Amino acid sequence: MSFSPPRLILASSSVYRKAMLQRLGLPFEAISPGIDESAMPGEAPEALSQRLSLAKAQHVAALHPGSVVIGSDQVATHDGQPIGKPGTHERAFAQLRELSGKTVAFHSALAVTNGTRSAVADVITHCVFRELSDQEIEHYLTVEKPFDTAGSAKAEGLGISLMQSMHSDDPTAIIGLPLIELSRMLRGFDLNPTLLAQPL
């Protein structure tokens with residue numbers, strides 16, 4: 001009797017997370033969870049990211065019974081305070097000037113659920129920004145336009161050149177979907193990427 005793996009869904013509309021999951025070679029579909037992502041009063045940023053990752057996964061799982069659903073959320077913090085997405089060139093410039101020479105913790109929360117059982121994890125990446133000149137900041141923002149990225153630096157692109165160092169147990173976490181941790185979690189839901197991956 002052959003084993004048929006459960007349907008896999010990524011509860012996200014992020015093109016970055018979709019591209020990351022494709023690296024595992026598992027058939028999946030991406031569905032936007034469409035949930036309220038507002039923080040609760042007094043909620044710590046890392047607690048928010050874990051709550052949202054689970055809420056995204058559970059919301060989509062409720063609509064698609066029998067599926068294994070992945071939810072993810074990322075927040076950036078400096079000295080425990082959240083760092084949001086700048087939205088504009090001006091705010092991104094101010095954000096990078098403020099973060100110059102400082103360390104930012106990126107919390108990449110991850111949740112996997114089958115509707116009855118769930119697992120949640122938080123993979124942290126510490127990014128140390130170089131001392132950045134105004135000229136470097138201005139040119140970087142003009143080239144990459146990272147206005148939809150917390151911390152105003154896309155580590156998967158030119159933003160890596162703004163870093164002095166990065167420290168994490170999972171080098172893919174900074175992009176928003178920690179694949180080492182995700183692979184471990186999926187194995188607990190009868191989805192072993194190493195055995196089930198399709199040719200890319």
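Just so it is clear, none of the values below were taken in a lab; they were calculated from the coordinates. Note that the coordinates shown come from a computational prediction; the quantities given were computed from them, not determined experimentally. When we count neighbours, we look across all protein chains shown, and the Cβ atoms used for this are built from the backbone with ideal geometry, even at glycine.
Relative to one another, the C-alpha centroids of the stretch 11-49 and the stretch 127-144 are positioned 27 Å apart. Taking Cα Rg over 2.2 N^0.38 Å as calculated from this structure, the corresponding entry among (1) 1.20; (2) 1.07; (3) 0.99 is (2).
Shown for Phe147, Phe28: other C-beta atoms within 10 Å of each C-beta, ranked fewest to most, produce the order Phe147, Phe28.
Sequence-distant contacts, meaning Cα pairs under 8 Å at least 6 residues apart, place the relative contact order of the stretch 69-142 at 34 percent. Reported to the nearest whole Å, the Cα centre-to-centre distance from the stretch 50-82 to the stretch 90-112 is 20. Comparing Thr172, Thr88, Thr125 in a Gaussian network model of the chain, where Cα atoms under 10 Å apart are tied by springs, the biggest mean-square fluctuation is seen for Thr88.
Within the stretch 95-200, the GluC sites (Glu not before Pro) that combine a DSSP coil assignment with at most 11 other C-beta atoms in a 10 angstrom radius are Glu131.
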